[in-house]
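A.B. asks: Submitted below is the structure of interest, expressed as structure tokens.
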Amino acid sequence: MNPAIRGLPVGQAQGKRIGIRRWRLVAGIFLVYIGYAFPDLFRSHTPLTVAFGLLLLTFFVGLYIGLLPYGMFGFNRAIARWVPLSMLGTTCLYLAVIDRGGLILPIYVCIAFVVCYPPRVSLPFVIVVAVAVVQLPQYVEHWDMAGFQWGLGLPILATSIGMYFIRVNAGNQIALYQARAEIERLAAEQERMRIARDLHDLLGHALTTVVVKAELAARLATIDPQRAAAEMSEVADLARQGLDDVRATVSGYREVSLVNELATAREVLRAAGIHAELPASTESVPGELRELFGWVVREGVTNAVRHSRAAHLRITLRGRGIAVEDDGVGANSPAPPTGMSGGNGLPGLRERAAALGGMVTAGRTAGGGWSLTVDVPK
């Protein structure tokens with residue numbers, strides 16, 4: 001990769017490569033007018049002078065085609081500064097040492113200034129060059145050019161104006177490529193955050209349930225082996241379900257159901273020894289909110305089982321709102337539950353709620369314990 005491109009954001013680098021390719025194609029075609037310098041160069045000069053003239057023209061073309069586009073698109077300020085000046089110096093040297101054939105070169109020099117310098121610099125420069133090309137050649141005796149050279153001055157002005165609009169369009173193209181690249185980057189970042197958020201919520205809930213049931217099975221192993229075996233069978237089922245959920249989340253197809261989450265919460269809370277007070281029906285919840293409320297149930301139950309040491313948990317549905325409350329550790333707790341204090345679970349829940357215009361509230365209740373509520377206004 002060219003050093004002028006290396007280290008640029010993807011959108012800038014892509015736009016720059018396309019712009020350079022287009023510039024070289026179009027500008028290369030119009031370089032045919034440099035042939036105007038050849039007749040005088042080969043007609044009345046020594047081989048050494050001809051060789052020097054060809055060297056100057058080659059150097060000029062190299063600057064114009066090879067390096068100028070890197071400054072034109074604004075990604076290398078050093079090139080933008082010195083390439084037009086180098087082209088100007090080469091033109092002056094050619095006119096001084098060779099002959100009038102170099103009068104075609106100021107057109108390309110003005111183009112370089114237009115595309116690399118701001119209008120407050122390039123506009124006065126173009127006017128001065130155009131006036132000089134029109135008036136001065138008649139005073140150089142050995143050039144044998146009488147009168148004003150409008151045929152050289154007017155093309156300079158017309159070409160420079162055209163290049164100004166090309167420059168503006170090129171800037172718009174670069175901005176377009178940058179915008180597209182930024183959209184792609186944001187989409188990838190959002191997808192990464194979605195997967196990370198969902199995996200945290202899924203694995204946190206599934207592993208918490210597995211731990212609770214495994215501990216219950218261990219306690220029942222000597223007291224009630226048959227129930228212990230049933231609990232371990234459920235642990236295996238939960239592990240398989242968790243694996244399926246992870247695969248579905250990565251694929252982007254997983255959906256959370258409020259009904260299923262309430263049923264799962266009942267089993268988890270029972271295994272953890274927490275009395276559950278759950279709604280008998282979800283019919284009052286609008287369809288577009290049921291997935292969000294399913295996540296609320298999952299987050300609230302997971303935090304209650306993992307952190308609260310609660311004896312009772314109540315889930316209340318109120319149309320476009322849901323509340324998960326427990327009587328676990330409250331004011332005497334040295335630290336709030338991880339999910340409630342700003343871990344990965346609560347921020348993820350806030351993002352989901354915000355997407356529907358909802359608000360999440362979490363914190364200690366007046367009587368001790370924790371409350372997680374989500375309300376979505378119409």
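The values are calculated or read from the model by the stated rules, or taken from the named source; none is laboratory data. These figures come from a predicted structure and were not determined experimentally. Here Cβ is always computed from backbone atoms with ideal geometry, including for glycine, and neighbour counts include all displayed protein chains. Quick note on the areas: whole protein, heavy atoms, side chains included, nothing else; ligands and nucleic acids left out. Shrake-Rupley method; radii C 1.70, N 1.55, O 1.52, S 1.80 Å.
A.B. asks: Being within 38 Å of the chain's Cα centre (by Cα), open to solvent by 10 Å² or more (accessible area, probe 1.4 Å) and at pLDDT below 80 narrows it down to one residue among ARG254, ARG298, ARG309, ARG290; which is it?
C.D. replies: That would be ARG254, the only listed residue that is within 38 Å of the chain's Cα centre (by Cα), open to solvent by 10 Å² or more (accessible area, probe 1.4 Å) and at pLDDT below 80.
A.B. asks: Could you figure out which of (1) at pLDDT 90 or above; (2) in a loop (DSSP other than H, G, I, E, B) isn't true of LEU95?
C.D. replies: The number of the failed condition is (2).
A.B. asks: Give the residue, chosen from PHE165, PHE125, PHE148, that is open to solvent by 20 Å² or more (accessible area, probe 1.4 Å), hydrophobic (A, V, I, L, M, F, W, C) and touching a Cys at 6+ places or on another chain (Cβ under 9 Å).
C.D. replies: PHE125
A.B. asks: Let me ask something else. Answer yes if at least one residue in segment 132-141 is in a helix (DSSP H, G or I), open to solvent by 30 Å² or more (accessible area, probe 1.4 Å) and over 30 Å from PHE42 (Cβ atoms), and no otherwise.
C.D. replies: no
A.B. asks: Is it fair to say ARG247 is at negative phi, at pLDDT below 65 and not in a helix (DSSP H, G or I)?
C.D. replies: Judged against the criteria, ARG247 is not a match.
A.B. asks: Inspect all residues belonging to segment 257-274 and state whether any of them is under 17 Å from LEU346 (Cα atoms), open to solvent by 60 Å² or more (accessible area, probe 1.4 Å) and not aliphatic (A, V, I, L, M).
C.D. replies: no
A.B. asks: Here are the criteria: (1) part of a helix (DSSP H, G or I); (2) modelled with pLDDT under 90; (3) open to solvent by 40 Å² or more (accessible area, probe 1.4 Å). Tell me which single one LEU88 does not satisfy.
C.D. replies: (2)
A.B. asks: If you don't mind, another one. Of everything in segment 75-85, what is within 24 Å of ILE161 (Cβ to Cβ) and buried (at least 18 other Cβ atoms within 10 Å of the Cβ)? Give them in sequence order.
C.D. replies: Matches in segment 75-85: ILE79, ALA80, VAL83, PRO84.
A.B. asks: Does ALA354 satisfy being modelled with pLDDT of 85 or more and over 23 Å from VAL212 (Cα atoms)?
C.D. replies: Spelling it out, ALA354 is indeed modelled with pLDDT of 85 or more and over 23 Å from VAL212 (Cα atoms).
A.B. asks: If you don't mind, another one. Which residue out of ARG24, ARG81 is under 26 Å from PRO119 (Cβ atoms), in contact with a Pro (Cβ under 9 Å, 6 or more places away or on another chain) and either aliphatic (A, V, I, L, M) or part of a helix (DSSP H, G or I) (or both)?
C.D. replies: On inspection, the qualifying residue turns out to be ARG24.
A.B. asks: So if I check each of ILE98, ILE111, ILE79, which one is among the hydrophobic types (A, V, I, L, M, F, W, C) and closer than 19 Å to VAL26 by Cα?
C.D. replies: Result: ILE111 is the single residue among ILE98, ILE111, ILE79 that is among the hydrophobic types (A, V, I, L, M, F, W, C) and closer than 19 Å to VAL26 by Cα.
A.B. asks: Identify the residue in segment 353-366 that is touching an Asp or Glu at 6+ places or on another chain (Cβ under 8 Å) and not hydroxyl-bearing (Ser, Thr, Tyr) and, among all such residues, is least open to solvent (accessible area, probe 1.4 Å).
C.D. replies: GLY358
A.B. asks: Suppose we filter PHE30, PHE60 for residues that are open to solvent by less than 10 Å² (accessible area, probe 1.4 Å), aromatic (Phe, Trp, Tyr) and closer than 25 Å to PHE165 by Cβ; which single one remains?
C.D. replies: PHE60
A.B. asks: Return the total of residues in segment 359-378 being within 14 Å of ILE315 (Cα to Cα) and either part of a loop (DSSP other than H, G, I, E, B) or at pLDDT below 85 (or both).
C.D. replies: The number of residues fulfilling the criteria is 1.
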